[in-house]
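**Q** Okay, handing you the structure first.
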Amino acid sequence: MRGRSVIAIIIFFLTFTLCNSVEAAWEWQNPLPQGNILNNIWGSSGENIFSVGENGTILHYNGSTWSAMNSGTNNALNCVWGNSPDDVFTVGDGGTILHYNGSGWDAMSSGTTQKLNGVWGSSSNDIFAVGNNGTILHYNGSNWVQMNSGTTENLYAVWGSSGAKVFAVGRHTILKFDGNGWTFSGIGENVNYKTVWGSSENNVFFAGTNSDKILHYDGNNWTKIASGASAGFNVIENICGSSGSNAFAVTIYGETLHYNGVSWSMMSNISPNSLRGVWCGSGTNAFAVGDWGSIFHYNGRIWSEMSNSTTYFGFYGIWGTSASDVFTVGAYGKILHYDGKNWNEMSSGTSNGLTDVWGSSGVDVFAVGSHGTILHYDGVNWGAMKSGTTESITSVWGSSSNDVFALCFFHSILHYDGTEWRTMYTFSSSDLHDIEGFSADDVFAVGNSGTILHYDGTSWSQMISGTTSDLWGLWGRSGNDVFAVGYRWAWGGTTAYTILHFDGTSWNEITSGTGFGLNSIWGNSGKDVFAVGNNGTILKYDGTNWSKMTSGTSNCLEDVWGTSASNVFAVGIGGGTILHYASPSTP
């Protein structure tokens, strides 16, 4: 009996361990379903649509719901096309080509590292892909083979009426393929052609930037026709249609255009962001995608948004009292509150940009921003406070409700004593970015050129940082265990990140590297520290080493905060990015 009991206990323990060993992961909370830029869209029907974009993003629509697919790459995906529902191709940066077989995406060998921008085919064994530096590839059903394009111009799109009548377009370039080779069309306008689509070989449309016209080819002659888009040089990104009398186009101004068989006209401006891709199954079923995960649907009467975003502008600061009481602030006075399930917009009473938020409790919260903006939340409403300055305020922190500090971008530090805000210190050397403290007499501030200041309860003094990097973020467990992060510009236009640590005696650089900058840092303990930054960068420190986490985005992340090592939020620019890192049991 005892032996069987022991076995049962072991089995239970193993089952419990396996069921609870699912690792925490970063997931989108705003926008939804995600906030990466979507570059293109294609479908075999209204119930089988694919959209691709930055950071290896692939979304699928089944007629009712958009869901993320695993692409297996972080490279940007720029175009998608399919021969059937279970024979779909997408191309992207670094020569990336992926194929979908109905169950999953697999990487294909392209034989190039050039950025690929467009893909189209006449059948499963006759597919063309085009890209930078005149790259044209052909797939014969077995292998991708490079073709001689005769140009080194970047090519952005490809389309044909058959495998022997294909157009490829790019910078000042329109090429034609006749089944034997590629030749120039003879059109040499100063237009950066981004898209080509036709209903037949005698009805083909070309459009792009540096022109507000659409070029039309009737099989013999080329003519320019008005697009109906807003006047400007950077206009049309994509064209797609279902027939010669039903085609749609989208622009970088968020406009949708329609062709009725006779002329193009503007339908409506549906987005504050650029639209990059469009696909239609009919005149009453069209989809458009664009920046920050924007997805729109046209039902024959109106365009409506399918993606869900509280805002398309950036968030710069986040703070809370618990997992169900979190505040984030951002551009144009946006303030959102998280109740553990949903983010809800709050009325801030200002349109000024907000950069940081902190409170002593959930009913005593401060938000700061541009033009000297300081707001206070009493648990019911946000109200403006008199800051006494018109400078942009970058950061706020306090030891209590009547001992609050705020940094002004141009060198000064403000203090609130529970009654009024006053300037307590002016630092003439560098801009200041972040403030963090552990008591009323142990406060740190960081800024440009390695600036670190310390307040001992009486006066501010400058510390020796040992770096010239601009420092943007601070966090610590105590006054003798403090981290600072930032970056400096390196040769070639890249950034080199910096992480410093203070042990109570001196600041020391504990790690550095190139490729991205760090903007903020937060931790739950000395073994669970998170740093966020440019290009979707998230690093985690385990007490010994820093490792890069998969954030799922290339959007810039501006701030990070959490309640525990398995419940962390990161916010940033690009569609109002809000990411959440949580174990399966965390709200």
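**Q** Would you mind computing Rg(Cα) / (2.2 N^0.38 Å) for segment 315-582, counting N as its residues?
**A** Output field value: 0.93.
**Q** In debye, nearest 20, what is the charge dipole magnitude of the chain about its Cα centre with +1 on Lys and Arg Cβ and -1 on Asp and Glu Cβ, if you could check? Could you put the intermediate results ahead of the total?
**A** Working: 20 positive and 43 negative charges, 269 e Å.
With only Lys, Arg, Asp and Glu charged at Cβ, the dipole is about 1300 debye.
**Q** Between residue 324 and residue 510, what is the label-to-label distance in nm when each label sits 7 Å out along the Cα-to-Cβ direction?
**A** That separation, rounded to one decimal, is 3.4 nm.
**Q** Counting Lys and Arg as +1 and Asp and Glu as -1, each charge on the Cβ, what is the dipole of segment 315-582 about the Cα centre in debye, to the nearest 20? Each step should come with its number before you reach the end.
**A** Numbers: 9 positive and 24 negative charges, 131 e Å.
Using only the charged Cβ atoms, the result is roughly 640 debye.
**Q** Right, next: Starting from the Cα of residue 103, step 7 Å along the direction of its Cβ; do the same at residue 460; then give the gap between the two resulting points in nm.
**A** About 6.3 nm separates the two model spin labels.
**Q** To continue, here is another question. If each residue of separation counts as 0.36 nm, what is the full-extension length gain between residue 346 and residue 402 once their alpha-carbon separation is subtracted?
**A** 17.7 nm
**Q** Which whole-number percent gives the relative contact order of segment 315-582, counting Cα pairs below 8 Å spaced six or more residues apart? Show your work: numbers first, answer last.
**A** Values: 807 pairs, mean separation 28.6, N = 268.
Across segment 315-582, relative contact order equals 11 percent.
**Q** Here's a follow-up. With Cβ to Cβ distances under 13 Å as the rule, what net charge do the other residues near residue 203 carry (K, R +1; D, E -1)? Working shown, then result.
**A** Values: positive: 165; negative: 201, 218.
Result for the local shell: -1.
**Q** For the charge dipole of the chain, defined by +1 on Lys and Arg C-beta atoms and -1 on Asp and Glu C-beta atoms about the Cα centroid, which residue among 555, 163, 253 has the Cα displaced farthest towards the positive pole?
**A** Comparing the listed Cα positions along the dipole, 163 ranks first.
**Q** Compute for the chain: radius of gyration divided by Kirkwood radius, i.e. Rg/Rh, restricted to C-alpha atoms, rounded to two decimals.
**A** On the way: Rg = 27.3 Å, Rh = 26.2 Å.
Reported Rg/Rh (Cα atoms, Kirkwood Rh): 1.04.
**Q** When only Cα pairs under 8 Å and 6 or more residues apart are kept, what is the percent relative contact order across the chain? Don't skip to the end; give the middle numbers.
**A** Values: 1777 pairs, mean separation 51.9, N = 587.
RCO, the chain: 9 percent.
**Q** Still on this structure, I have one more. Just to confirm a number: summing +1 for Lys and Arg and -1 for Asp and Glu over residues other than residue 139 whose beta-carbon lies under 13 angstrom from that of residue 139, what do you get?
**A** Details: positive: none; negative: 87, 126.
Neighbour charge sum, excluding residue 139 itself: -2.
**Q** OK, next. Between residue 146 and residue 544, 0.36 nm times their residue separation minus their Cα-Cα distance comes to what? Please list the in-between numbers first.
**A** Values: separation 398, 0.36 × 398 = 143.28 nm, distance 4.71 nm.
Between residue 146 and residue 544, full extension yields an extra 138.6 nm.
**Q** What angle, in degrees between 0 and 90 and rounded to the nearest 10, separates the Cα long axis of helix 2-19 from the longest principal axis of the Cα atoms of the chain?
**A** Between the helix axis and the principal axis of the chain, the angle is about 70 degrees.
**Q** Another one. Which number gives the lysine pairs in the chain that have C-alpha atoms under 17 Å apart and are eight or more places apart or on different chains?
**A** Taking the chain as the scope, the lysine pair count is 9.
**Q** At 7 Å along Cα-to-Cβ for each site, give me the label-to-label distance between residue 269 and residue 223 in nm.
**A** 3.0
**Q** With Cβ to Cβ distances under 12 Å as the rule, what net charge do the other residues near residue 402 carry (K, R +1; D, E -1)?
**A** Net charge in that neighbourhood comes out at -4.
**Q** Picking from 459, 497, 266, whose Cα lies most toward the positive end of the charge dipole for the chain (charges on Cβ: Lys, Arg +1; Asp, Glu -1)?
**A** My answer, from the dipole projection, is 266.
**Q** Oh, and also: Based on the Cβ-Cβ distance from residue 481 to residue 566, what FRET efficiency comes out when R0 is 22 Å, to the nearest 0.05?
**A** Values: r = 21 Å, r/R0 = 0.97.
The value I calculate is 0.55.
**Q** Let me ask something additional. Treating only the Cβ of Lys, Arg, Asp and Glu as charged (+1, +1, -1, -1), what charge dipole size does segment 366-513 show about its Cα centre? Round to the nearest 20 debye.
**A** On the way: 4 positive and 15 negative charges, 66 e Å.
My answer is approximately 320 debye.
**Q** Using alpha carbon centroids, what distance separates segment 553-571 and segment 40-75, in Å?
**A** Each part reduced to its Cα centre gives a spacing of 25 Å.
Read the figures in this text as sums done on the coordinates, not as results from a lab. The structure displayed is predicted, hence computed values, not measured ones. Reconstructed Cβ throughout: ideal geometry from the backbone, glycine too, with neighbour counts over all protein chains shown.
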